[in-house]
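The values are calculated or read from the model by the stated rules, or taken from the named source; none is laboratory data. Computed from a predicted model, the values in this text were never measured in an experiment. Cβ placement follows ideal geometry from the backbone for every residue including glycine, while neighbour counts extend to all protein chains displayed.
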């Protein structure tokens, strides 16, 4: 990730590249010289300089140092996810000890206020860890980049995720006033007021995120959430079919095969006689309660 690419340069002289490479090495050594002697695992690192202090010490290579902190933030999040037990989504990391993420994102955006990727992470990952910091960093991005409507989209997402639909609608509406903002931004204010936490609105939000996210981890998170919403729709249909079966037969079905005609009529995806979720895993039938649930082996999030 080269900082000048973010700022719209079309070419870079070889001499500038050479100076940049040397500067990067010098800055990296400078950073390392100020690091306390602690464990080498990135999870145990502590920040040792503030963003403003780094700005003064970065020898004019603010963008390169911002990249360095951004890569550290990605490694930090990735390491925490890998060390966690079981599957965990990028937007539900509250149970992990991630106290360094907000400072890392803050430093990266102080060094390079036009660096958009850390703001996206602040909106997607940080709310589950520290909502106030997520809002503060996103608003910091808006103040530094008033022509970037996507930052208002990020802010609206934070508020929507927390159930604050009025503030979410206002954020989308403010972003809609910026030149180049798409028409759906303005429509989101009315949808927030009318639909709030509806599944259809969630589909719209994650669908837009999937289409626009450049970070593959954020894109995958949005994709999984869309599959989760699809599964919720499917399970809602299946529960209605289970009620129909119970009313007709007087008991819960003992297997999916017993209600195969109903499943086929509903045009649900079926494999081996039973319905499957969007990941291709068969749904689990609760024969005692006439209910359906995700199988433990499914990659669709339970919540």
Might you let me know whether segment 216-225 holds any residue that is in contact with a helix residue (DSSP H, G or I) (Cβ under 9 Å, 6 or more places away or on another chain) and over 30 Å from residue 124 (Cβ atoms)?
-> no
Unique residue being closer than 18 Å to residue 158 by Cα and surrounded by 13 or more Cβ atoms within 10 Å (Cβ to Cβ) when the list is 260, 202 | 202
Meets criteria (at pLDDT below 85, over 21 Å from residue 154 (Cα atoms) and surrounded by fewer than 17 Cβ atoms within 10 Å (Cβ to Cβ)) for residue 75 | no
Selection over segment 179-195 where residues are touching a residue at least 12 places away in the same chain (Cβ under 8 Å) and more than 19 Å from residue 154 (Cβ to Cβ) yields a count of 2
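Evaluate segment 195-204: report whether one residue or more is more than 29 Å from residue 77 (Cα to Cα), assigned to a helix (DSSP H, G or I) and modelled with pLDDT under 95.
yes
Residue-by-condition table, conditions (1) crowded, with 21+ Cβ neighbours inside 10 Å; (2) under 23 Å from residue 221 (Cα atoms); (3) modelled with pLDDT under 95:
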{"residue": "127", "(1), (2), (3)": "yes, yes, yes"}
{"residue": "130", "(1), (2), (3)": "no, yes, yes"}
{"residue": "138", "(1), (2), (3)": "yes, yes, no"}
{"residue": "153", "(1), (2), (3)": "yes, yes, no"}
{"residue": "157", "(1), (2), (3)": "yes, yes, no"}
{"residue": "162", "(1), (2), (3)": "no, yes, yes"}
{"residue": "168", "(1), (2), (3)": "yes, yes, no"}
{"residue": "178", "(1), (2), (3)": "no, no, no"}
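Let's see how each residue does on (1) modelled with pLDDT of 95 or more; (2) surrounded by 12 or more Cβ atoms within 10 Å (Cβ to Cβ):
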| site | (1), (2) |
| --- | --- |
| 206 | yes, yes |
| 213 | no, yes |
| 223 | yes, yes |
| 229 | yes, yes |
| 247 | yes, no |
| 273 | no, yes |
| 281 | yes, yes |
Kindly indicate whether any position in segment 229-242 is closer than 30 Å to residue 77 by Cβ and either in contact (Cβ under 8 Å) with a residue 40 or more places away in the chain or assigned to a loop (DSSP other than H, G, I, E, B) (or both).
-> yes
